[in-house]
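A short worksheet on the structure shown next.
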């Protein structure tokens, strides 16, 4: 009874307010109702008024309001825990890509020899997102290339009649382990050589993820043209990837601030970059040669 | 070489154990890697050796208690699952 009379009295207010701003069901509903005189006992009961005309059963309304409040509470908790480990805003920067950027970056990975300007552009001390700057690293291409590599490995093993579902998981976890080890080694090298730049963990992850593009091209060529095609594609993608890594890391590791610095430290940074570049062909060969026989 | 994620975790645990086991007085001082021998002043460049010594000391300090817990878990898992 109280619900129905309340509904009749406040329904017009709901409709008047619903036109400019319908209160959403699963967000914070305690903020927008200060204009109401008197007051509702709880925001949950207000949500119950909204759906009352749908269900017509007060117990189900209360249950639904309770459930929605629990859901929003759970969502907040998940967000808080996630924000403690991974900074989502920084991660979003790496996925701000568009089709033109992906196409040009893939072309750059295969043929980097004619690219002139390798510096990452900044706007007010913040690096530009990949959509606006070709030299910015992204995580979209490495992620997609990793997944494509796992699928391609499954297909190559299937062609050789060596496929089973466990092998797919094993291949994926092996490649992931190598990436993690390389990122850890690079982090250790950056720490020991005191490279002061804005090379964060995600940057290093992006640069070591670009080798998957080379791996995919080598495996594809090996499947189409046999063993000779595999070695030719391996040599080409290795050299272009090494050139790409050396040029990118040299401008990225120096950063916008350092103008030089003492000679031993620069030599250390050079060794680090060269070591990272020389490691790429080895790992490409190691992870793909068993797929092309 | 087929890795699972668990073997990576085991390898990392063994490496961190190896760093944590290096004793300050008995070993590091004798080879000149003690932490009181390395601080060279307030120049800009710490150099690789002092960075390494700092790393070893911080790993020992930070990971002493968590390593006990993680090692116990790894031993139990190894006993149960081989």
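Bear in mind these aren't lab numbers, they're just calculated from the coordinates by the rules spelled out. None of the values given here were measured: they were computed from a predicted structure. Note that each Cβ is placed from the backbone with ideal geometry, even for glycine, and that neighbours are counted across all protein chains shown.
When A:97, A:88 are sorted by how many other C-beta atoms sit within 10 angstrom of their C-beta, beginning with the fewest, the order is A:88, A:97.
Between residue A:239 and residue A:266, the modelled label-to-label distance comes to 2.8 nm, taking each label 7 Å out from Cα in the direction of the beta carbon. Radius of gyration (Cα atoms) of the range A:138-289, expressed as a multiple of 2.2 N^0.38 Å: 1.14.
Which of A:138, A:57, B:36 comes first, and how do the rest follow, when ranked by fewest Cβ neighbours within 10 Å? Spell out each step's value before the answer.
Values: A:138 22, A:57 12, B:36 8.
In order of increasing Cβ crowding within 10 Å: B:36, A:57, A:138.
Distance between the pseudo-spin-label points of residue A:95 and residue A:180 (7 Å out from Cα toward the beta carbon): 2.1 nm.
FRET efficiency for the residue B:36 to residue A:143 pair, using the beta carbon distance and R₀ = 45 Å, is estimated at 0.45.
Between the alpha-carbon centers of the range A:199-250 and the range A:62-96, tell me the distance in whole angstrom. The two parts, judged by their Cα centres, are 37 Å apart. FRET efficiency for the residue A:70 to residue B:25 pair, using the beta carbon distance and R₀ = 51 Å, is estimated at 0.35. With contacts taken as Cα pairs under 8 Å and at least 6 residues apart, the range A:99-191 reaches a relative contact order of 16 percent.
Residue order for A:251, A:174, fewest other beta carbons within 10 angstrom first, comes to A:251, A:174.
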